[in-house]
Amino acid sequence: MILDYETLKIVWWLLIGLLLIGFVVIDGFDMGAAVLLPFLGRNDEQRRAIIKTIGAHWDGNQVWFIMASGAIFTAWPTVHGVASADFYAAILLLLFALFFRPVAFDHRGKIEDPRRRRSWDWAVFAGGAVPALAFGLAFGNLLHGVPFQYDDFMRPSYTGSWWGLLNPFALLTGVVSLSMLVMHGAVWLQICADEPVESRARTAVKVAAIVLIITFAIAGLWVAYGMRGYRVISITDIAGAPDPTAKTVITAVGAWLANYKRYPWTTLAPIIGFAGAVLTIILSGTRRPGLAVVTSALSMTGVILTAGFSMFPFIMPSSTQPSVSLTVWDAASSHLTLMVMFWAAAIFVPIILVYTVWAYYSKWGKVTAQRIQDNTHSAY
């Protein structure tokens with residue numbers, strides 16, 4: 001089966017979205033639990049139990065991040081190049097935070113010094129909170145528009161500043177991202193941790209979900225009435241060779257809502273985002289965390305799809321020179337590259353999904369205080 005170029009461009013937009021959702025849902029357990037570690041664990045034994053709930057999975061979960069990053073690099077090389085140049089410092093901060101978390105996992109238990117372990121606990125917190133905020137900041141800046149342009153030789157240049165990335169809307173979407181991952185991690189701890197951490201996690205689910213609902217609603221109103229979105233009004237050939245300059249783009253308040261008017265079924269995304277969070281509060285409060293983790297995952301999926309549906313076909317809009325904004329149509333690799341990658345993804349993504357499910361199934365169960373005491377030298 002050989003798909004045409006236009007179809008492959010859409011397929012890879014969908015696949016990269018799927019990989020990002022998979023990463024957030026799977027690794028969201030780790031990041032959320034890491035953020036909650038200093039607050040739900042009141043003593044060393046409880047904090048060790050929290051780390052133990054994610055200790056068997058964090059490294060395997062990173063595979064989804066690696067796959068998503070690799071897919072962006074090969075499917076959208078122009079996007080990867082512009083982002084790597086413009087957000088170099090931000091990407092380094094994100095990667096160092098991700099690296100720092102497993103280092104903190106291993107080193108906190110090397111010496112039985114309460115102050116030393118407490119310091120490493122805050123390092124675990126940073127390793128969860130910084131990436132959670134960074135992902136939200138990234139989406140916020142994409143919706144806001146990235147200040148970049150091309151010169152006469154098609155070389156991209158960033159026209160903004162580091163502090164410009166911390167604009168109010170991006171900070172708001174950072175809170176959306178952080179709150180939904182904390183909600184997800186808290187549900188995970190409600191499933192896998194013993195009392196009293198379990199009860200504290202139930203309270204954390206409620207607080208995080210309420211924050212998510214409020215901030216997600218504010219962000220939606222901001223996008224609809226307080227932000228200039230982007231719209232392609234003409235393009236040379238969506239099935240032709242990529243050329244970021246071969247289109248005309250305008251900006252207008254409310255332009256990000258155009259897809260919802262054109263395709264009403266896309267409104268399911270924000271509905272799922274809100275409904276999933278509400279159901280997570282209800283199911284967690286009634287002590288059904290097994291179902292709550294499903295609704296939490298659905299809520300996060302709805303939030304991510306809302307951003308994706310709003311922006312399509314844009315991937316990285318330019319606030320400096322809107323006509324060179326990068327879209328699904330003009331930022332893709334060659335037809336051959338997308339086709340080869342399609343078959344590679346069709347083979348390996350299901351294998352990794354099956355392995356991920358098996359890994360969670362084989363390590364399923366609560367981490368109790370007795371289990372930590374019995375394995376004091378092997379547990380984190």
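In segment 120-237, inverting the average of 1/r over every pair of distinct C-alpha atoms gives 16.7 Å as the Kirkwood radius.
Relative to the longest principal axis of the Cα atoms of the chain, helix 168-192 runs at roughly 40 degrees.
Distance between the C-alpha centres of segment 129-175 and segment 82-120: 22 Å, rounded to the whole angstrom. In plain terms, the residue of 256, 343, 122 with the fewest other Cβ atoms within 10 Å comes first and the most crowded comes last, giving 343, 122, 256.
What are the trypsin sites (Lys or Arg not before Pro) within segment 42-138 that DSSP puts in a loop, where the Cβ has at most 10 other Cβ atoms within 10 Å?
Within segment 42-138, the qualifying trypsin sites (Lys or Arg not before Pro) (loop, at most 10 other Cβ atoms within 10 Å) are 110.
On alpha-carbon atoms, Rg over Rh for segment 31-72 using Kirkwood Rh? Rounded to two decimals, Rg/Rh equals 1.16. Using C-alpha pairs below 8 Å separated by at least 6 residues, the relative contact order for segment 47-130 is 25 percent. In segment 214-272, Cα pairs under 8 Å separated by at least six residues give a relative contact order of 36 percent. Run the paramagnetic zone check for residue 45: 7 angstrom along Cα to Cβ, then residues of segment 193-210 with backbone nitrogen under 15 Å. Inside the label zone: 194-198.
The angle between the Cα long axis of helix 114-144 and the main principal axis of the chain comes to about 20°, on a 0 to 90 degree scale.
Lysine pairs in the chain whose alpha-carbon atoms fall under 29 angstrom of each other, counting only those eight or more residues apart or on distinct chains, come to 11. Would you list the P(r) distribution for segment 216-284, with all Cα-Cα distances sorted into 5 Å bins from 0 and each bin expressed as a whole %? Cα pair-distance distribution for segment 216-284, in percent: 3, 13, 15, 17, 16, 13, 10, 5, 3, 3, 0.
Readers should treat all values here as calculations from the given coordinates under stated rules, not as data from a laboratory. Owing to the predicted nature of the structure, the values given are computational and were not obtained by experimental measurement. Ideal geometry is used to build each Cβ from the backbone, glycine not excepted, and the neighbour counts take in all protein chains shown.
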